[in-house]
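A.B. asks: Quick one: the structure is below, questions incoming.
Every number here is computed from the coordinates shown, using simple stated rules; none is lab data. Please read all numbers here as calculations on a predicted model, not as lab measurements. When we count neighbours, we look across all protein chains shown, and the Cβ atoms used for this are built from the backbone with ideal geometry, even at glycine.
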Amino acid sequence: MGFYSDVFFPWGMNLTMSGKAFQEQRHAVLKSVDGKILEIGFGSGLNLPHYPKQVKKLVTVDPNLGMSRYTQKQIAKFDIEVDRQILSSESLPMADESFDTVVSTWTLCSITDIEAALLEVKRVLKPSGQFIFLEHGLSPDAKVRRWQNRLNGIQKIIGDGCHLNRDMRKLVEEAGFSKLEVENFYFPKAPRFLGYMYQGVAIK
Ligand SMILES: C[S@@+](CC[C@H](N)C(=O)[O-])C[C@H]1O[C@@H](n2cnc3c(N)ncnc32)[C@H](O)[C@@H]1O
């Protein structure tokens, strides 16, 4: 932690990731989520307006306390009770099989021990529960991939731990879900090295 992580990154992230294109993507993945929900990497709470009306409560985790100044304002605007926990998703305090749905948007790129976090996601999901994710990651295009590998070090600094070159499908697959569906596309108007998207649902 430090000025960059606590102050500058939350400000910059909240600003850039609240744009129209992001909102459209958030809406598309969250429009039919239901049940008891855990969101990992809650950030500044930019997903809140996109949960369906029937969602009245959320449990969230994120280790960055610096997000609070944005999160609290955001929470006050919506009729959803948020149990916001300041912790990392590599080790969750929640009981086994306690959620119907786990949500992650643009978060798997930033988790240090991604394998441990995905095993935790699976552990806290009920049988047949859904892990819903929207993430950027490794592109299949060799030229884009080369840039992703080249720029990964600098991106980790600028993006506060964000990796450009994670194969999200493979990582989720390796966590051992029973069923996995992933759609890939380039995020509209984003540089390709940043915008190769994995939108998926993994069933426990
Ligand atoms: C690019 S931001 C995305 C925030 C939010 N998910 C969104 O869609 O606006 C990545 C988020 O992951 C969080 N993060 C980083 N490491 C994490 C970890 N180990 N467990 C949970 N969240 C983490 C960061 O603090 C940050 O809020």
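A.B. asks: If each of Ala190 and Arg150 carries a label point 7 Å out from its Cα toward its Cβ, how far apart are those two points in nm?
C.D. replies: Going from the Ala190 label point to the Arg150 one covers 2.0 nm.
A.B. asks: Post the alpha-carbon centroid distance, the range 129-189 to the range 34-98, in whole angstrom.
C.D. replies: Cα centroid of the range 129-189 versus Cα centroid of the range 34-98: 22 Å apart.
A.B. asks: Moving on. Is the chain rounded, prolate or oblate when judged by the Cα gyration tensor, a ≥ b ≥ c being the square roots of its eigenvalues, rounded requiring a/c under 1.5 and prolate requiring a/b larger than b/c?
C.D. replies: rounded
A.B. asks: Normalised by the residues of the range 14-84, what does the relative contact order come to in percent, with Cα pairs under 8 Å and at least six apart?
C.D. replies: Here the relative contact order equals 33 percent.
A.B. asks: Assigning unit charges at the beta carbon (Lys, Arg +1; Asp, Glu -1) and nothing else, what dipole magnitude in debye, to the nearest 20, does the chain show about its Cα centre?
C.D. replies: 660
A.B. asks: How would the range 1-106 be classified by its alpha-carbon gyration tensor: rounded, prolate or oblate, with rounded meaning a/c under 1.5 and the a/b versus b/c comparison settling the rest?
C.D. replies: Judged from the Cα gyration tensor, the range 1-106 comes out oblate (a/c at least 1.5, b/c at or above a/b).
A.B. asks: Straight-line reach from Lys179: which lysines fall under 29 Å, measuring Cα to Cα and dropping same-chain residues less than 8 apart?
C.D. replies: Partners within reach: Lys31, Lys36, Lys53, Lys56, Lys57, Lys122, Lys126, Lys170, Lys204.
A.B. asks: Note down the net charge around Ala117, summing +1 for each Lys or Arg and -1 for each Asp or Glu among other residues with Cβ under 11 Å from its Cβ.
C.D. replies: Combined, the nearby Lys, Arg, Asp and Glu give -2.
A.B. asks: Starting from 0.36 nm per residue, how many nanometres of slack lie between Thr16 and Ala28 once their C-alpha separation is accounted for?
C.D. replies: Stretched out fully, the Thr16 to Ala28 stretch lengthens by 2.5 nm.
A.B. asks: When you count, for each residue, the other Cβ atoms within 10 Å and take the mean per peptide, how do 109-121, 155-167 rank with the highest first?
C.D. replies: Going from most to least packed, we get 109-121, 155-167.
A.B. asks: Provide the gained length on full extension for the span Lys56 to Lys73, in nm with one decimal, where the gain is 0.36 nm per separating residue minus the Cα-Cα distance.
C.D. replies: 4.4 nm
A.B. asks: Along the range 50-64, what does the Karplus equation 6.51 cos²θ - 1.76 cosθ + 1.60 (θ = phi - 60°) give for ³J(HN,Hα), rounded to whole Hz, x for Gly and Pro?
C.D. replies: The phi angles translate into 9, 6, x, 4, 6, 7, 10, 8, 9, 9, 10, 10, 5, x, 8 Hz.
A.B. asks: Shifting gears a bit: May I ask what percent, to the nearest 5, of DSSP beta bridges between residues of the chain are antiparallel?
C.D. replies: The antiparallel proportion sits near 45 percent.
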